[in-house]
Structure formats: C-alpha cells, structure tokens
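Derivation of every value follows stated rules applied to the coordinates shown; laboratory data play no part. All figures in this text were calculated on a predicted structure; none of them were measured in a lab. Glycine gets a Cβ as well: all are built from the backbone with ideal geometry, and neighbour counts include every protein chain shown.
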Amino acid sequence: MDNDKKIIKSPYYSIDRIGAKSDLATRGLHELGLLKDEKHFTIIYVCQFCGRLINYSSTPCIFCGDYPKTKREVIIAQALSNNSLEIGHLLTLSKAVKNKEDLELIISNLRELIDEILDIAIGAFLLFDFLPWLAALVGATHLVIVLTVSGITDITVRDIGLLVAALALMIDSLPQEVLNKIRLQKL
C-alpha cells in the first residue's frame, strides 16, 4: 500500500472529555486566584469596521487597522462584545459586518429581540399572577419609553390605551403594605 493512501488515525477526544479538561483548568485557575470571573475570562469583540473577532476594542484592529474614534463608536464596540451578547450573536454580527450590512439596522434588530423578550416576560408574569403590579409597572414604563421614542404614528392610540390599562392594573394590584404607606403619607 502506498504511503499516500494510508490513513493516519488521529486521537479521538469526545466533547465531554475536552470539557472536563477545560473545567479542571478553569477550576485550577480559580483556586490559584488567577481567574476572578469564570464567565468573562476573555472578552471578545467584533470589529465594527471589518467584522473580525478581536481581543481589544480600544487598540487598532490587527486585520483592518481601524479602531473606535468617537464616543458613539466606543459605545458600539462595547455593545459588540461577549459582555453584552452571547457568542452565537457575536458570530452573526460578525458575518453581517463582513457582508457590509448596516450596523444600525443589525443593532436595532437586536433591540427588537430584547423588546420581544421583555414583552413575553411581562405577559408571563401577568398570566401566572406573579407580582402583577411589578409586571404592570415595567410594562407601563416600557410603553412610556416606546411612546417618547417612536413619536406619533398610526399605533400611538393603541399604545396609549395599553399604557392606561397597565397603570390601572398596577394600581389595582398593589400590595396592601404599599397601599397602607400611601394612606399614611396622605394623613
């Protein structure tokens, strides 16, 4: 058999075995005091100019040589890090920046996703009657922010109606202790 056709078997490591070694190393670093926060041991940024993954946002990117120069660009750089987003989202953003997609549009889509998660959480709290006054307060605050940011549109009336309903629900479901404090302050 030719040497070219021989298949060399490389050692096979299961993901569990690699993960166990990684956990052991992380625990060792933590025990030595070299690792303070296991979650953010290494901060990864997406270069907002070329889309590559980099380790530092304040120094020039090693791939494109660009770096954040304005306050707005520094804020975007911090938002495009694993402190703010999961690695999967960072990879998605990296691909989008490489494809020259509009960064403002991408970040606004992430904001919409966060808004949707907030709306679902508020709905779940109200549905299961878990701290309904708090959920209504958060919902009312969210609606006030939406109304001030979006301005007058064709759905403004709907949002105002939802705001009034959230305020009424909040007032109706306040805990007795809070109501007693309000009554004592009026006297």
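Structural remarks
- Taking 0.36 nm per residue of sequence separation and removing the Cα-Cα distance, the ALA168/GLU112 pair yields an extension gain of 17.6 nm.
- If the segment from LEU134 to LYS100 were pulled out straight at 0.36 nm per residue, it would be longer than the present Cα-Cα gap by 8.1 nm.
- Spin-label model distance (nm) - ASN180 vs ILE120, 7 Å beyond Cα toward Cβ: 3.9
- Cleavage-rule hits, chymotrypsin sites (Phe, Trp or Tyr not before Pro), region 88-187, DSSP coil, Cβ neighbours within 10 Å at most 10: PHE128, PHE130
- The simple Förster model, with R0 at 30 Å and r as the Cβ-Cβ distance, assigns VAL146 and THR42 a FRET efficiency of 0.25.
- Among the trypsin sites (Lys or Arg not before Pro) in region 42-129, those placed in a DSSP loop whose Cβ has at most 15 other Cβ atoms within 10 Å are ARG52, LYS69, LYS100.
- Leading residue at positive end of dipole, region 117-187 (Cβ point charges), from VAL138, LEU118, PRO175: PRO175
- The length gained on full extension between LEU127 and ILE75, counted as 0.36 nm times the residue separation minus their Cα-Cα distance, comes to 15.1 nm.
- Pairwise label distance in nanometres, SER84 with CYS50, each label 7 Å out on the Cα-Cβ vector: 2.1
- By the beta-carbon count within 10 Å of each Cβ, the least crowded to most crowded order of LEU131, LEU93, fewest first, is LEU131, LEU93.
- Magnitude of the charge dipole for region 39-102, about its Cα centre and with charges confined to Cβ atoms of Lys, Arg (+1) and Asp, Glu (-1), is about 60 debye.
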